[in-house]
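Just so it is clear, none of the values below were taken in a lab; they were calculated from the coordinates. Computed from a prediction, not measured in an experiment: that's the story for all the values here. Cβ atoms come from the backbone with ideal geometry, glycine included; neighbour counts cover every protein chain shown.
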Amino acid sequence: MPGFVGWRHSLGGITYLLFIVLVVTGVLLSFYYRPSVQEAYPSIQYIVSEVPLGWLARDLHVWSANLIVVATLAHMARVFFSGTYKPPRETNWVVGLLLLLVVLAFGATGYLLPWDQWAYWTVTEVLDTMSRAPLLSILASVLRGDVMVSGATLSRFFAVHVILLPWIGFALLLFHFSLLRKHGIAPPPGEERRSGTSTPFFPNHLLRAFITGSVVLGLTISLAALYPRAVGDTANPFQLPRELVSSWIVVDVSLALIRYLGVWGFSLFSALGIVMALLPVFDRRPERRWRKRPVVVGLGLVFFAGFLTAWLAGRQLRSLPPSTRLRSGEGVEQLRTLEAPVEAPRSDNRRSEARGAEE
Ligand code: HEM
């Protein structure tokens, strides 16, 4: 291994480790989870209260879904500030961006699966917002598959979450790692021409991988054990909840942007993300030292610091009532004209209820 490879290069590996944790815990959860309006909620109750270590699999899954977003963005920031997205690695930057989209799509589609009031109404709100934007409205109606969030939506989200995204994710990872192998890891900026030293894979790199892997796994397990995701009441399309408790970092960030800066703030921030994504197209100078790239580095700082600030601000807003539009009844009245919902049991985390609902 090249001698310059250090701790900062562990971020991609950490992201990969979290991806594997998500896949393993996701497979375990799918042994018991049932993707239907009547069974989704009780099956989650059953997993967390009855299945041996089911709570651990479930909360490891939820926490990894949060941490992988942080790890992916940190890895992306490392690549961004060191100018590693420049030729010949620009294709790998684009593949990385697609991986980021896959990570976000995993979280978004998984969000509905618990089928509790928080999941149901957050997804209703997001799809409602999307359906008012050009182009996104088409995606919203394909995802919803019905006039309101219903069993059809749950089936679609589940299929995308457990079939489509894993295949796309693994294919992209294969491509990402092949390109990495082809170009090698980039030397530090300004040292491209130096031949450099090398350090042995064993024990140096293996030990570093072992330490980072253990710390990340230890942290994820501790967070899962100490802060399990609460379960709200079972989804009821005819009753708005008093609050929407968020359990995913991207929801926190979006909430903060929309509530503090409005839709325009949210759109501007997304536009900045898109500009950064397209950087390799117009920033092709070989210069990689960050001091010589003030504009690009400034953009990156605004984006990553903005994400961090929005996340911290969003954490203060974690349990908010649904938006004014939904509260004003615009959405609910429309729903009331539709058929009555299928009766689903009330929440209370106990075995008898979960079993009773399954019978
Ligand atoms: C599931 C998501 C991802 C995984 C598992 C992953 C994994 C990795 C790994 C293990 C490496 C080598 C070590 C390192 O540089 O940290 C790497 C390198 C790289 N990644 Fe990612 N990555 C992901 C997402 C991304 C994203 C979002 C981007 C940028 C938009 C990106 C761009 C790159 C580039 C350009 C390299 C080469 C870096 C260099 O040569 O120094 N990756 N990735």
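DSSP loop trypsin sites (Lys or Arg not before Pro) in the stretch 4-79 with at most 13 other Cβ atoms within 10 Å of their Cβ, which ones?
Values: sites: Arg8, Arg58, Arg78; in loops: none.
Qualifying residues, ordered by number: none.
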Quiz item: Short version: ³J(HN,Hα) in whole Hz for each residue of the stretch 39-47, in order, from phi by Karplus 6.51 cos²θ - 1.76 cosθ + 1.60 (θ = phi - 60°), x for Gly and Pro, what are they?
Solution: 10, 4, 5, x, 5, 5, 4, 5, 4
Quiz prompt | Helix-only CD estimate at 222 nm, as mean residue ellipticity for the chain, using -39500 (n - 2.57) per DSSP H run (n ≥ 4) | solution = -20000 deg cm²/dmol
Quiz item: Which whole-Hz ³J(HN,Hα) couplings does the stretch 146-160 yield from phi under the Karplus relation 6.51 cos²θ - 1.76 cosθ + 1.60, θ = phi - 60°, glycine and proline marked x?
Solution: 6, 6, 9, 5, 8, x, 4, 5, 4, 4, 5, 4, 5, 4, 5
Practice problem: Grab the Cα-Cα distance for Ile274 and Ser30, subtract it from 0.36 nm times how many residues apart they are, and report the gain in nm with one decimal. | Solution: 84.4 nm
Exercise. Would you look at the GNM of the chain, springs on alpha carbons closer than 10 Å, and say which of Ile274, Ile68, Ile20 moves the most?
Key: Ile274
Self-check item: Per-residue HN-Hα couplings for the stretch 83-93 [Karplus 6.51, -1.76, 1.60; θ = phi - 60°; Hz; x = Gly/Pro]
Solution: x, 6, 6, 6, x, x, 9, 5, 5, 5, 5
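Rounded to the nearest whole Å³, what is the per residue volume of the convex hull around the Cα atoms of the chain? Before the final figure, lay out the partial values.
Numbers: hull volume 50.7 nm³, N = 359.
In the chain, the Cα hull volume divided by residue count equals 141 Å³.
Kindly provide the GluC sites (Glu not before Pro) of the stretch 95-200 that DSSP labels as loop, not H, G, I, E or B, and whose Cβ sees at most 13 other Cβ atoms within 10 Å.
Details: sites: Glu125, Glu191, Glu192; in loops: Glu191, Glu192.
Answer in residue order: Glu191, Glu192.
With r as the distance between the Cβ atoms of Lys182 and Ala152 and R0 = 41 Å, compute the FRET efficiency 1/(1 + (r/R0)^6) and round to 0.05.
Working: r = 43 Å, r/R0 = 1.05.
Calculated transfer efficiency: 0.40.
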Quiz item: Residues with amide H under 5 Å of Asp116's amide H, sequence separation 5 or more or different chain, H placed in the peptide plane at 1.01 Å from N; which?
Solution: Ala235
Quiz item: Whose amide H sits under 5 Å from the amide H of Leu244, counting only residues 5 or more places off or on another chain, with H placed in the peptide plane?
Solution: Leu320
Quiz prompt | Calculated FRET value between Trp264 and Ala171, using beta carbons and R₀ = 45 Å, to 0.05 | solution = 0.80
Quiz item: To the nearest 20 debye, what is the magnitude of the charge dipole of the stretch 70-219 about its Cα centre, counting +1 on the Cβ of each Lys and Arg and -1 on the Cβ of each Asp and Glu?
Solution: 620
